[in-house]
Amino acid sequence: EPPEGTQKYKLPKGFAKSQEVFNLDRAIKEPPENPLVIVEGFFDCMKLWQHGVKKVVALMGSTLCPAQEELLRQHTTSDSHVILMFDENEAGRTGREEAAARLSRFAFVRTHVFEQEDMEPEHLTAEQIAVIFA
């Protein structure tokens, strides 16, 4: 964890993460029948990608911002399936609930709840990922 008052990631000056969805450019190339998995962080996204979940994006935080919602809406339909896989902590649970309510207006949304407190997608083993997405 970074020291208090320090950003967790060093991003380019002027980069507005609330305006972007990490890995969206790759995810939209995947078959439309595959579910779109939405996670919080870069490393969550990379971990799932490395283990074969190619239609995965990250919000770069636990809050779905309006611009991100619009980007996701542009690349989904009422037939689309979305899986929210946020961190299992207070911020993640709140963000998951809010995102589910907003995204369910234009896509089928399912949430994944981890059994263990503080669990994050980046901490999953290859075997656990295979079971979740079987």
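Give all pairs with beta carbons closer than 8 Å in which a residue from region 1-15 that is more than 12 Å from residue 60 (Cα to Cα) meets a residue that is surrounded by 10 or more Cβ atoms within 10 Å (Cβ to Cβ) and modelled with pLDDT under 80; count only pairs at least 6 apart in sequence or on separate chains.
1/8; 2/8
Whether any residue in region 62-79 is in contact with a Pro (Cβ under 9 Å, 6 or more places away or on another chain), in a loop (DSSP other than H, G, I, E, B), loosely packed, with under 12 Cβ neighbours inside 10 Å and not polar (S, T, N, Q) is what I want to check.
There is at least one residue in region 62-79 that is in contact with a Pro (Cβ under 9 Å, 6 or more places away or on another chain), in a loop (DSSP other than H, G, I, E, B), loosely packed, with under 12 Cβ neighbours inside 10 Å and not polar (S, T, N, Q).
Of the residues 89, 34, which single one is touching an Asp or Glu at 6+ places or on another chain (Cβ under 7 Å) and open to solvent by 20 Å² or more (accessible area, probe 1.4 Å)?
Residue meeting the stated conditions: 89.
Any idea which of (1) surrounded by 15 or more Cβ atoms within 10 Å (Cβ to Cβ); (2) farther than 24 Å from residue 16 by Cα; (3) touching a helix residue (DSSP H, G or I) at 6+ places or on another chain (Cβ under 9 Å) is the one residue 105 doesn't satisfy?
Every condition holds for residue 105 apart from (1).
Pairs needed: first member in region 42-55, more than 12 Å from residue 124 (Cα to Cα); second member anywhere, β-branched (Val, Ile, Thr) and part of a helix (DSSP H, G or I); C-beta distance under 9 Å; at least 6 residues apart or different chains.
Filtered contacts from region 42-55: 52/129; 53/129; 53/132.
Yes or no: region 16-24 includes at least one residue that is loosely packed, with under 11 Cβ neighbours inside 10 Å and among the hydrophobic types (A, V, I, L, M, F, W, C).
Yes - at least one qualifying residue is present in region 16-24.
Just need a number here: residues in region 62-115 that are touching a Leu at 6+ places or on another chain (Cβ under 8 Å) and of a type in the set (Ser, Thr, Tyr).
The qualifying residues number 3.
Please go through (1) in contact with a helix residue (DSSP H, G or I) (Cβ under 9 Å, 6 or more places away or on another chain); (2) over 23 Å from residue 29 (Cβ atoms); (3) open to solvent by 80 Å² or more (accessible area, probe 1.4 Å) for residue 114 and return the number of the only condition it doesn't satisfy.
Residue 114 satisfies all of (1) in contact with a helix residue (DSSP H, G or I) (Cβ under 9 Å, 6 or more places away or on another chain); (2) over 23 Å from residue 29 (Cβ atoms); (3) open to solvent by 80 Å² or more (accessible area, probe 1.4 Å) except (3).
For residue 57, all conditions in the list (1) in contact with a Phe, Trp or Tyr (Cβ under 7 Å, 6 or more places away or on another chain); (2) open to solvent by 20 Å² or more (accessible area, probe 1.4 Å); (3) of a type outside the set (D, E, K, R) hold save one; what is the number of the exception?
Single failed check for residue 57: (2).
If residue 99 satisfies all but one of (1) under 26 Å from residue 12 (Cβ atoms); (2) out of contact with any strand residue (DSSP E or B) (no Cβ under 6 Å at 6 or more places or on another chain), what's the number of the condition it fails?
The one condition residue 99 does not meet is (2).
The values are calculated or read from the model by the stated rules, or taken from the named source; none is laboratory data. Remember, predicted model here, so these are calculated numbers, not experimental data. Ideal geometry is used to build each Cβ from the backbone, glycine not excepted, and the neighbour counts take in all protein chains shown. Quick note on the areas: whole protein, heavy atoms, side chains included, nothing else; ligands and nucleic acids left out. Shrake-Rupley method; radii C 1.70, N 1.55, O 1.52, S 1.80 Å.
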